[in-house]
Structures are given as C-alpha cells and as structure tokens.
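The values are calculated or read from the model by the stated rules, or taken from the named source; none is laboratory data. Owing to the predicted nature of the structure, the values given are computational and were not obtained by experimental measurement. So basically every Cβ, Gly included, is an ideal-geometry build from the backbone, and we count neighbours across all protein chains shown. Surface accessibility is based on the protein's heavy atoms, side chains included, excluding ligands, DNA and RNA. Shrake-Rupley method; radii C 1.70, N 1.55, O 1.52, S 1.80 Å.
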Amino acid sequence: MVKPATAIQHAADVARAITDGELVLAQIDLPALPERVFSAMMTKECERWWGAAGVYTIENWKAELRLGGGWSLIIRLPDGTALPASGAFLDVTPAKVRQTRRYDFDHPTLGRRETEVTTHFQPLPDGTRVIVRHEGFGSTEAAIEHAGGWERMLDWLAEYLRSKGNGTAQ
C-alpha cells in the first residue's frame, strides 16, 4: 500500500535514527531556515530546548565555533547529578559542523571514548533537513543508546522551533 503524500511528509517531521552498531544516522525536517536551525543547535540557545524534565537538561554550553575551537556542556540529570561532556570543532561551515565528542566522566557504555559527530544543514523549500552522523562508538549497545538520544534531541529541537515560529521558511 502506498502512503499518501501527507503521511510521507509528516513522517519527515519526526526524527528517525538508525545504527549498524558503529555508526548512527539521524534525520529530521524542520520548519525553519538553515541559519536559524544552526543557531538553535550551536549556540547557548540550545540550553532553552535541549532536554526535558524527567530525562535530562543541559547547561553551561560554551563553544568556540571555529576550526580547532572547543565546546563543553553539562548534562544535568533529574536527581541533580552533573555529567560533563566536551570536544573540539573539526569543521564549521553554515552547511556542516563536524566535531569530536566525549563524556568527561565514565559513561556506562562509552567510558571516555571520543566519538565524532557531523551535522548537515540542508535547505528545503519549506525549512531545513538536519542529518546527524555520529560514529566511533565501538559497541552496539552505545550506538543503540545514542540513536535513541538523537531522536529525542531532534524532536525537542523541532518542538522548540515550531513553538517559536520565527525564522521559518516562507
């Protein structure tokens, strides 16, 4: 059975992630211009939307958005536990950000293993397609956990951008 075009379009509005145990690919189409999405994801603005009560939130976002610049944040669990993460930017353009990522604590599935995240911001007629490629997990368990995390994070971003209504494509 072929899905109607509206169902196919709606499916792109929800984040989807897949993994092969080493690599995670996640994607969502967002109702905002690429520069708006970039700003929401790569600046301190991310503290406003990244997380949810009962899951985790982030705070203390710091980033030098340039080749070789560093970034860091604190993941705050519902019980107040602070879990630091950080990395460096390997490539920063309006269309793509590539960065290293590591937990600065002994993560249950990754330890302090450094991974690499590449985020693409592709213009669409009515917004932006975000594609995230996260690689270097070294275990299927860590990759599966992070696939779910990318779906949650991209859905939080979509909800935030829809609620703001600014920077949307015309």
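Residues being hydroxyl-bearing (Ser, Thr, Tyr) and without any contact (Cβ under 8 Å) to a residue 60 or more places away in the chain are represented in the stretch 141-164 by at least one member. Beta carbons closer than 6 Å, at least 6 apart along the sequence or on distinct chains, pair a first residue in the stretch 92-121 that is touching a residue at least 60 places away in the same chain (Cβ under 8 Å) with a second that is open to solvent by 40 Å² or more (accessible area, probe 1.4 Å) and not aromatic (Phe, Trp, Tyr) for Phe121/Ala95.
Scanning the stretch 1-60 for residues that are out of contact with any strand residue (DSSP E or B) (no Cβ under 7 Å at 6 or more places or on another chain), modelled with pLDDT under 95 and assigned to a helix (DSSP H, G or I) returns Ala5, Thr6, Ala7, Ile8, Gln9, His10, Ala11.
If you check Arg133 against the conditions, is it in a strand (DSSP E or B), open to solvent by 50 Å² or more (accessible area, probe 1.4 Å) and out of contact with any Cys (no Cβ under 8 Å at 6 or more places or on another chain)?
Values: in a strand (DSSP E or B): yes; open to solvent by 50 Å² or more (accessible area, probe 1.4 Å): yes; out of contact with any Cys (no Cβ under 8 Å at 6 or more places or on another chain): yes.
Yes: the conditions hold for Arg133.
Which residue out of Gly149, Gly127 is at positive phi and open to solvent by less than 20 Å² (accessible area, probe 1.4 Å)? Just one listed residue meets the conditions, Gly127. The condition of being of a type outside the set (Lys, Arg), more than 13 Å from the chain's Cα centre (by Cα) and open to solvent by less than 60 Å² (accessible area, probe 1.4 Å) holds for only one of Ala40, Ala63, Ala15, that being Ala63. Are there any pairs with C-beta distances below 9 angstrom linking a residue in the stretch 41-65 that is over 14 Å from Trp150 (Cα atoms) to a residue that is open to solvent by 60 Å² or more (accessible area, probe 1.4 Å) and aliphatic (A, V, I, L, M), with the two at least 6 apart or on different chains, and if so which? Close Cβ pairs satisfying both conditions: Met42/Leu65; Thr43/Leu65.
For the stretch 70-92, what are the residues that are of a type in the set (Gly, Ala, Ser), surrounded by 13 or more Cβ atoms within 10 Å (Cβ to Cβ) and out of contact with any Lys or Arg (no Cβ under 7 Å at 6 or more places or on another chain)? Listed by number, the residues that qualify are Gly70, Ala88.
Can you name every residue in the stretch 93-104 that is in a strand (DSSP E or B) and open to solvent by 40 Å² or more (accessible area, probe 1.4 Å)?
The first filter runs over the stretch 93-104 and keeps only residues in a strand (DSSP E or B), leaving 96-103.
Hits for the stretch 93-104 are Lys96, Arg98, Arg101, Arg102.
Of the residues screened, His107 is one that is open to solvent by less than 60 Å² (accessible area, probe 1.4 Å) and either modelled with pLDDT under 95 or hydrophobic (A, V, I, L, M, F, W, C) (or both).
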